[in-house]
1. Give ARG161, ARG219 a once-over and let me know the one that is within 16 Å of the chain's Cα centre (by Cα) and over 24 Å from SER40 (Cβ atoms).
2. Just to verify a result, which residue in the stretch 38-75, among those that are touching a helix residue (DSSP H, G or I) at 6+ places or on another chain (Cβ under 9 Å) and under 18 Å from TRP229 (Cα atoms), is surrounded by the most Cβ atoms within 10 Å (Cβ to Cβ)?
3. Across the stretch 80-93, what is the total count of residues that are at negative phi and surrounded by fewer than 16 Cβ atoms within 10 Å (Cβ to Cβ)?
4. Using beta carbons and a limit of 6 Å, which pairs, at least six apart or on different chains, have the first residue in the stretch 214-226 and farther than 18 Å from VAL198 by Cα and the second one surrounded by fewer than 13 Cβ atoms within 10 Å (Cβ to Cβ) and among the hydrophobic types (A, V, I, L, M, F, W, C)?
5. Can you tell me which of (1) assigned to a helix (DSSP H, G or I); (2) out of contact with any helix residue (DSSP H, G or I) (no Cβ under 8 Å at 6 or more places or on another chain); (3) in contact (Cβ under 8 Å) with a residue 24 or more places away in the chain is the one THR142 doesn't meet?
6. Could you check the stretch 161-183 and list, in sequence order, the residues that are buried (at least 21 other Cβ atoms within 10 Å of the Cβ) and either free of Cβ contacts under 8 Å to residues at least 12 places away in the same chain or touching a Ser or Thr at 6+ places or on another chain (Cβ under 7 Å) (or both)?
7. Within the stretch 184-239, which residues are of a type in the set (S, T, N, Q), over 30 Å from ARG155 (Cα atoms) and surrounded by 13 or more Cβ atoms within 10 Å (Cβ to Cβ)?
8. Could you tell me whether PHE141 is on the phi < 0 side of the Ramachandran plot, at pLDDT 95 or above and under 18 Å from the mean Cα position of the chain (by Cα)?
Amino acid sequence: MDEIERIPTHIEGLDENMQGGIPKEHLCIVAGASGAMKSSVSFSLLYNAVLYGETSGIYVTLEQGKDSLRSHMSNMGMNVDDVRVRNRIAIIDLADLRVQLDQQGMNNRIDWMGQLIKQLTSYRESIGFELLVFDSLGAFFTLTKMENPRDEIFRLFEAVRRLGLTSFFICEMTGEDHKQFGEYGVEDYLADGVVHLVMERSGDEVTRKLGVVKMRHTRHKLGYMPLNWKESEQRFSIN
């Protein structure tokens, strides 16, 4: 396992407890309730992998508009216009495409999963990106109104694996028991890794924690650790 090529998360305190990072070409889900900072953590994984490594990636967003996402991440110090990452990070807003198709009366006739896979394949061939963040699975199936999300998740995950991508799929958790790391009950079984973000309230205080529930081909520390944003260093920490 020590010889596996890995993508460092650059989350202080995490990589050293996970054999150096996430195995290359793993498909991971980042799961948690609303407000747990799933998008921020996932974007930081992509941003820092590009900033400190020889790689490139795309962030597919449906939860938040492209300009809003860029502004939010820039305020956290992750500026995609920075010369060090420019042209190596692309943000794609699928919601814009859906609006255009709705206006043309085409949305109901679209094989959304087929189009998405085709688009990712095209980007892979033309841009050569290696990292993918998809934000989020739940929003995608809400927008596209697919009848069999479980089958389509399998189809999407297999397509991403065939493309040889290291990927992070954001999944919303709505239950309180933390036993299902996705809306459809199959995401965690099909994924290579599960990163769970928890937000806890005690009176007026809110704390966030991170746990690596699953990571194939990796010895990783179990349990949940406090997740903090280090403003001075512009990165997350679990110390």
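1. One residue alone meets the criteria, ARG161.
2. Across the stretch 38-75, the extreme among qualifying residues is TYR47.
3. The qualifying residues number 6.
4. HIS217/MET1
5. Failing condition for THR142: (3).
6. If the condition is that a residue be buried (at least 21 other Cβ atoms within 10 Å of the Cβ) and either free of Cβ contacts under 8 Å to residues at least 12 places away in the same chain or touching a Ser or Thr at 6+ places or on another chain (Cβ under 7 Å) (or both), then PHE168, ILE170, CYS171 are the ones that fit.
7. Listed by number, the residues that qualify are ASN228, GLN234, SER237.
8. On the way: on the phi < 0 side of the Ramachandran plot: yes; at pLDDT 95 or above: no; under 18 Å from the mean Cα position of the chain (by Cα): yes.
Criteria not met by PHE141.
The values are calculated or read from the model by the stated rules, or taken from the named source; none is laboratory data. Remember, predicted model here, so these are calculated numbers, not experimental data. Glycine gets a Cβ as well: all are built from the backbone with ideal geometry, and neighbour counts include every protein chain shown.
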